[in-house]
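Here the structure comes first, spelled out in structure tokens, and everything after it is commentary.
Just so you know, all these numbers are worked out from the coordinates, no wet-lab data involved. Just so we're clear, the structure is a prediction, and the values are computed from it rather than from any experiment. Methodologically, a virtual Cβ is constructed for each residue, glycine included, from the backbone with ideal geometry; neighbour enumeration extends over all protein chains shown.
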Amino acid sequence: MLFRGGRIFDGRESLAEGFAVLVEGARIVRVAPEAAFAGYAGPVTDTAGCTLLPGLVDCHVHLCYTGSADPRGTMQKMGTGQIVLTMLANAQKTLAGGVTAVRDCGGKDHLEFAVRDAIAQGAFRGPTIRAAGRMICMTGGHGNTLARVADGCDEVVKAVREQVHAGCDLVKIMATGGVMTPGVDPRDAHYSAAEITAGVHEAKRFRRKTASHAQGTQGILNAVRAGIDSIEHGIFMDEQCLEEMLEAGTFLVPTIAAVQNILRNADSGAIPPYAVEKSRAVAERHRESFRMFHRAGGRIAMGTDAGTPFNRHGENAQELAFMVDWGMTPPEALTAATSRGAELMGLDDRGVIADGMAADLLLVRGNPMEEVAAAADPSNHIAVYKNGTVFAPH
Ligand SMILES: [Zn+2]
């Protein structure tokens, strides 16, 4: 299939007009000026008036959560089989929403590994999934009802080994309190520096990526100093955090949609009150941290925390609009949502439109480099391609 006639954002920048993209099977085989395809006689997709982008990459989702007002409560009412089918449905909604790769940052009893593997083997359509397995937290820590609870360096190391043994792609470790767990304060550091360092080092020994839920200042520092790959949320970042993250090249995955969707639906009456109250308390600092990190040139990868209240799978692209609202240019937001995300996830052949890359593509109406809604609003999506095959949007 030759895509020609419209604009191309290649994952880093807008290509000059008049470029075309040739896809054969699951791969992009050539990106070149249209004239280079003069003798081509195969099928063509006319993209005039549209923009071809890499499929979006969401570095923070929870496939086990539905995006209901009380996702944990919803899941507790489901049996195991129902949870697995829900995860698969959520993965397919995500792909339909233009997202061709996701990082699951905390699942349920490793059930998401089965979904990941079935999709990777071609049994079902869905996005590329990288999964953390069970989050690791201290006694009473953020996410403790779902997480592997571990205290002390030895136990944290054991918890990491359990995830590796079960087949995780990354390890997710909880450095601080959070919004969605009652009785914890997002500003508090949870794991000690020694515990988090032990866990991160064990994960790295087995070449796993590492991500830390880190909202409070000290917890962010503990995670960065342990060598974490990404700080999730990063709400109470200060100058010291900023300096050390820039120095270490740590990614920030801001998950603006998580907090904003709670605030937008605060009056629904259905979200647990502690989550609304804490979201209100952190929202302004969240924005300041994002702006500070962005202005300083830090590496930002798009993540939504999809599955949290009113933060629905399939609506992930809205994060692009939030990032632009908070100060990114549209091309910067698109970069965070494509090549940067793939880089954080270690997906070497995705997130960029170039010769030899996987044909994970999103075709949208209009020009998202000028008006980000062209990509952020799924009603502007024309087609999403996973490994070269179109996946019909809802
Ligand atoms: Zn999360």
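In percent, how large is the relative contact order of the chain, given Cα pairs closer than 8 Å and 6 or more residues apart?
Details: 980 pairs, mean separation 86.0, N = 394.
Relative contact order of the chain: 22 percent.
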Quiz item: Using bins 10 angstrom wide from zero, how does P(r) for region 1-149 break down, in % of all Cα pairs?
Solution: 10, 31, 24, 18, 12, 4, 0
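Which whole-number percent gives the relative contact order of region 263-394, counting Cα pairs below 8 Å spaced six or more residues apart? Present the calculation step by step, with values, prior to reporting the outcome.
Working: 143 pairs, mean separation 23.2, N = 132.
It rounds to 18 percent for region 263-394.
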Quiz item: How many angstrom lie between the C-alpha centres of region 263-314 and region 161-180?
Solution: 20
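Lys and Arg at +1, Asp and Glu at -1: add these up for the other residues within a Cβ distance under 13 Å of residue 328 and post the number.
On the way: positive: 287, 291, 295, 299, 340; negative: 319, 325, 332.
Neighbour charge sum, excluding residue 328 itself: +2.
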Quiz item: Computed on alpha carbon atoms, what radius of gyration and Dmax characterise region 64-345, expressed in Å?
Solution: 17.1, 48
Practice problem: Give the distance, in whole Å, between the Cα centre of region 68-133 and the Cα centre of region 337-394. | Solution: 20
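Report the calculated FRET efficiency for residue 332 and residue 165 (r = Cβ-Cβ distance, R0 = 35 Å), to the nearest 0.05.
Values: r = 39 Å, r/R0 = 1.11.
The value I calculate is 0.35.
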Quiz item: What are the extents of the Cα atoms of region 16-93 along their three principal axes, listed from largest to smallest and rounded to whole Å?
Solution: 59, 23, 19
Quiz item: Taking Cα pairs under 8 Å and at least six residues apart, what relative contact order does region 1-121 come out at, in percent?
Solution: 24
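In region 323-392, which GluC sites (Glu not before Pro) are in a loop and have at most 14 other Cβ atoms within 10 Å, using DSSP for the loop call?
Numbers: sites: 332, 343, 370, 371; in loops: 370, 371.
Within region 323-392, the qualifying GluC sites (Glu not before Pro) (loop, at most 14 other Cβ atoms within 10 Å) are 370, 371.
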